[in-house]
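In what follows, a single structure is set out as structure tokens and then discussed.
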Amino acid sequence: YYNVPTPFTEIFAKSTFEQGQILDMLVSINLSPQYNFTLAHKGYKSLGKYVSSKSRGNQFRLSSNFNSKNEFLNWRFHFTSQNIFNQENGGLSPDDIYFYEYAPDYFELDNNGNQIINEDGSFKMVNYDGYLDRSRLGSWIYAEGSLYSKRFFSDVQATLLKNKKLNSKTLSINYQFTHEYKKIEYNDDYNSQFFGQIIEGQPVSDQSRFIEQENKVILTSDLNKLGIFNLYYSITNWSNNFKIYDEENPGELIYNLNEDQSIFSINWLKEFKKIRFKFNFNKSLKNNFKSDYISLRIEGSPLRNFNFELSSAIIEKSPNFNFKLFRSSYENYNWYNDNLKDHKTSNINLKLSYKEILVLTGDYNLIDNYTFFRESTNQITGEMDSKRLAVVNQVNNQIKYYSLKLFSKIDIGKFSIVNTAKYQKREQELLELQDLFTLNVPEWNTRNTLMYSTNVFNNSLFIQSGITFNYFTKFYADYYNPLISEFVTQNYREIGEFPRFDFFFNAKIQQTRVFIKVEHLNSSFTGYDYYSDPFTPFRDMTVRLGLVWNFFS
């Protein structure tokens, strides 16, 4: 939401991969000091470097806000509409992974398929750089997924009582209305059996519709010395529907869920001279699709330039709709789970900071009934080499997750060093042999930036340039499953332990900024074993160009 004295325009453009670009334009105007409306539209298209990896989409945004002169009535409103289309390829096959990782040198084989040994005992290699053209690598599937969504939001606030001496709202009431619609589709014209057996006589054309509508009433009271109290009551309705493939004989299968939930919440905020307390209590009045939590946060600055935050929460939440119900033309991707337990989390978090020079954050979590998608194919027999089968799973024992994160920013003249290092660990005991370790994370993750910033030409031009280093240790990363639009846990293939360097250059003249970024500039020096997930390579060296233009008329 904007409030601008003169019309404001922002144009953002950036190159994508191979062919295409991103263009985002925003216009904001105040028709009066009290009323503003903003229009924005973003469109993008990217061909991608791999087969069946093209993506495109657009997004329209409209927002508006009104504040009455006497400040007794405020209104905020926004509407968004977007559609996203992605070609899906399922990642690389084992043969393609071999050609990707060993490019441009491969073992030369004899007529019997055995490696040829040189006189010095080394294996004979053949050089062929054709697979550095990533479009030569194959694709598991040639499918397309799409998302179309709209969201409408309105928030009206009326001030019932006002303290003129303190210029604060003693009592106010809000009414919020939210309506969101999503249409998700997955189509495969080739009817690939990559996700298992297809229901006989049915094309792969999955469709689902999701509608969420919420009405919320909020009562806010500023009692000065006692703090700010916030009470709200909301009613939410959900509708989740799937395509019925056999309309004549649907049988006893469930294809839609229609649920509703009522929630009552109390929030309290109290500020003292050097400390602040924030308390939140959220209670669902029904058991299905609940979202209960109680939290307390304490923030303070007991010493100059030194800040601390201490928070703790107990959360109980039902698994989302995809875990509960899913229908597809693939036989293995049809389930209805009405016996899943609620996901429970207890955590405590401590954050200590001294200016921006040093920020230390510690986090500890106890997680019960963790729900996830697990890979059910067998890697030992090679089944996972040709199929991806995901099932809903719930952990029967407790998971412990803790992390320690260190951030620092040091300025030395015109140079700056920005460092982030994070240590994290998950502890889980397996009760049965076929169980999988889940909530997998890299133990170490680091990001380090060295940059130079200065003003030149009598301060009319600001330039900034630097290099960023990224690294994380190996771990069993989840992979993306485009059929269910979810990430799936596997314990067969690790990724990580590849260094990544990015170079960037920014230049700003008045309200215009141009930038250049060379992503993964060391890709050809460290070996081709870098992945975004176990079957999808991370991008090779790429140069991205961009422009941001802010101007007033």
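The values are calculated or read from the model by the stated rules, or taken from the named source; none is laboratory data. The model shown is predicted, which means the values in this text are computed figures rather than measured ones. Methodologically, a virtual Cβ is constructed for each residue, glycine included, from the backbone with ideal geometry; neighbour enumeration extends over all protein chains shown. These area figures cover heavy atoms from the full protein model, side chains too; ligands, DNA and RNA do not enter into them. Shrake-Rupley method; radii C 1.70, N 1.55, O 1.52, S 1.80 Å.
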Everything considered on the Cα gyration tensor (a ≥ b ≥ c; rounded for a/c under 1.5, else prolate if a/b is larger than b/c, else oblate), region 103-258 must be described as oblate
Using a 1.4 Å probe on heavy atoms of the protein chains only, the accessible area for residue 315 in Å², nearest 10, reads 60 Å²
For residue 260, other-chain or 5+-apart residues with amide H closer than 5 Å (H placed, Pro excluded) are 238
Per principal axis, largest first, the Cα atoms of the chain extend in Å by 93, 74, 47
Residue 491 and residue 4 label points (each 7 Å along its Cα→Cβ direction) are spaced in nm at 5.4 nm
Once both label points are put 7 Å beyond Cα along the C-beta direction, the residue 396-residue 364 separation in nm becomes 2.8 nm
Check: C-alpha center region 163-230 vs C-alpha center region 61-126, spacing in Å is 28 Å
When the charge dipole of region 274-348 is computed with +1 on Lys and Arg Cβ and -1 on Asp and Glu Cβ about the Cα centre, the Cα farthest towards its positive end, among 308, 293, 322, belongs to 308
Once both label points are put 7 Å beyond Cα along the C-beta direction, the residue 114-residue 154 separation in nm becomes 8.0 nm
In terms of the charge dipole of region 405-553, which places +1 on Lys and Arg and -1 on Asp and Glu at the beta carbon, the residue among 475, 520, 440 farthest towards the positive end is 520
Shape call for region 16-87, from the Cα gyration tensor axes a ≥ b ≥ c (a/c under 1.5 means rounded, otherwise prolate when a/b beats b/c, else oblate), comes out prolate
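Explain nothing, just the number: relative contact order of the chain, from Cα pairs under 8 Å at least 6 residues apart, as a whole percent. It would help to have the intermediate numbers written out before the result.
Numbers: 1454 pairs, mean separation 50.4, N = 553.
Over the chain, the number comes to 9 percent.
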Farthest towards the positive end of the dipole of region 242-395, among 358, 347, 263 and with Cβ unit charges of +1 on Lys and Arg and -1 on Asp and Glu, lies the Cα of 358
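With +1 on the Cβ of every Lys and Arg and -1 on the Cβ of every Asp and Glu, and nothing else charged, how large is the dipole of region 268-403 about its Cα centre, in debye rounded to the nearest 20?
720 debye
Could you rank the peptides 121-134, 25-38, 457-470 by their average count of other C-beta atoms within 10 Å per residue, with the highest value first? Spell out each step's value before the answer.
Details: 121-134: 11.6, 25-38: 15.5, 457-470: 13.6.
In descending order of packing, they fall as 25-38, 457-470, 121-134.
Between residue 474 and residue 173, how high is the FRET efficiency from 1/(1 + (r/R0)^6) when r is the Cβ-Cβ distance and R₀ = 60 Å? Nearest 0.05. Mind showing how you got there, number by number?
On the way: r = 54 Å, r/R0 = 0.90.
Using R0 = 60 Å, I get an efficiency of 0.65.
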Length gained if residue 129 through residue 47 is fully extended, taking 0.36 nm per residue and subtracting the Cα-Cα distance, is 27.3 nm
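For residue 136 and residue 226, compute 0.36 nm times the residue count separating them, minus their Cα-Cα distance, and round to one decimal in nm. Don't skip to the end; give the middle numbers.
Numbers: separation 90, 0.36 × 90 = 32.40 nm, distance 6.78 nm.
Gain on stretching residue 136 to residue 226: 25.6 nm.
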Restricting to lysines and to Cα separations under 25 Å from residue 270, and discarding same-chain partners fewer than 8 apart, the set is 162, 164, 165, 169, 216, 225, 278, 283, 351, 355
Net charge (Lys, Arg +1; Asp, Glu -1) of residues whose beta-carbon lies under 12 Å from that of residue 133, residue 133 excluded, is 0
If the chain between residue 526 and residue 85 were fully extended at 0.36 nm per residue, the gain over the current Cα-Cα distance would be 155.4 nm
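Once the other residues with Cβ under 11 Å from the Cβ of residue 375 are scored (Lys, Arg +1; Asp, Glu -1), what is the net sum? Present the calculation step by step, with values, prior to reporting the outcome.
On the way: positive: 374, 387, 388, 493; negative: 383, 478.
Neighbourhood net charge equals +2.
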Heads up, region 191-274 by the C-alpha gyration tensor (a ≥ b ≥ c square roots of eigenvalues; a/c under 1.5 rounded, else a/b over b/c prolate, else oblate) looks prolate
Taking every other residue with Cβ under 11 Å from the Cβ of residue 91 and scoring Lys and Arg +1, Asp and Glu -1, one gets -1
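So if R0 is 25 Å, what FRET efficiency would residue 511 and residue 417 give, r being the distance between their Cβ atoms, rounded to the nearest 0.05?
Numbers: r = 29 Å, r/R0 = 1.16.
So, using R0 = 25 Å, E works out to roughly 0.30.
State to the nearest 20 debye the size of the charge dipole of region 347-431 about its Cα centre, where the only charges are +1 on K and R beta carbons and -1 on D and E beta carbons. Mind showing how you got there, number by number?
Numbers: 12 positive and 9 negative charges, 81 e Å.
In debye, rounded to 20, region 347-431 gives about 380.
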Given backbone amide H placed at 1.01 Å from N, residues whose amide H is under 5 Å from that of residue 497, ignoring those fewer than 5 places away on the same chain, are 472, 473, 474
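Using the Cα atoms of region 45-177 to build a convex hull, what is its mean projected area in square nanometres? Numbers along the way, then the final one.
Working: hull surface 64.7 nm².
Average of the hull's projected areas for region 45-177 equals 16.2 nm².
Across region 361-425, how many lysine pairs, 8 or more apart or on two chains, come within less than 27 Å at their alpha-carbon atoms?
Values: 400/422; 400/425; 405/414; 405/422; 405/425; 409/422; 409/425; 414/422.
Lysine pairs satisfying the spacing and distance rule in region 361-425 number 8.
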Any aspartates and glutamates whose Cα falls less than 20 Å from that of residue 14, other than same-chain ones fewer than 8 residues away, would be 24, 502, 519, 540
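Go ahead and estimate [θ] at 222 nm for the chain from helices alone: -39,500 (n - 2.57) per DSSP H run with n ≥ 4, summed, over the residue count, rounded to 500.
The helix-only estimate for the chain comes to -500 deg cm²/dmol at 222 nm.
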Restricted to the chain, the DSSP antiparallel beta bridge percent, nearest 5, is 100 percent
Output for region 178-264: GluC sites (Glu not before Pro) sitting in coil per DSSP, at most 14 other Cβ within 10 Å, listed by number, reads 200, 247, 248, 252
